[in-house]
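The values are calculated or read from the model by the stated rules, or taken from the named source; none is laboratory data. Everything quoted here is computed from the prediction, not taken from an experiment. Cβ sites come from the backbone with ideal geometry, for glycine too, and all protein chains shown count toward neighbours.
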Amino acid sequence: MNYPKKIFLADDDCDDVDFFTAALSEIAPDSELTAASDGQELIEKLRTTEKAPDIIFLDINMPKVDGINALKVIRNEMPVVKDVPVIMYSTSNNETFIKSAYNAGANCFFTKPMNFHELKACISNFLLADWKKTVLPYEEFAVVI
């Protein structure tokens, strides 16, 4: 399988970052993962990266700059990465979070899986998706521009 090589992750929960890193290393060991502990750190890393990532995974609930506001900066103020697929996630499946994620420009939203096997399956599916053709599962929440 041909997985994306450069992946950015923003999540303030160290255990979830470790869980994600372990899952990614099993399904795409050649990938380069850059992790940030909040949206502000993610934005700083994106501004200084030499090559745009292939995909960004972004938690919603984080300190300093949350995922929604980080996504707004990515989509509106960072032309180099504004078209990179962004997968938003949270431990909550709160409809307000989901709508906010899509309205800010998320390509997809998912609730954090509770087990390693489910996380690996989710990551694999997201990495293999053709984001130019993929239909969002909550397309009724998406803003059409």
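When ASP15 is evaluated against the numbered criteria (1) over 24 Å from ALA129 (Cβ atoms); (2) modelled with pLDDT under 90, which criterion, by number, is the only one it fails? Among (1) over 24 Å from ALA129 (Cβ atoms); (2) modelled with pLDDT under 90, the lone unmet condition for ASP15 is (2).
Does PHE109 satisfy being under 17 Å from ALA10 (Cα atoms) and at pLDDT below 95? For PHE109, the condition - under 17 Å from ALA10 (Cα atoms) and at pLDDT below 95 - is met. When the stretch 77-123 is filtered for residues that are in a helix (DSSP H, G or I) and farther than 23 Å from ALA23 by Cβ, the ones remaining, listed by number, are GLU77, GLU95, THR96, LYS99, SER100, TYR102, ASN103, ALA104. Against the list (1) in a strand (DSSP E or B); (2) under 16 Å from LEU42 (Cβ atoms), the condition ALA70 fails is (1).
Test THR91 against the criterion of being modelled with pLDDT of 95 or more and surrounded by fewer than 16 Cβ atoms within 10 Å (Cβ to Cβ), and give yes or no. Judged against the criteria, THR91 is not a match.
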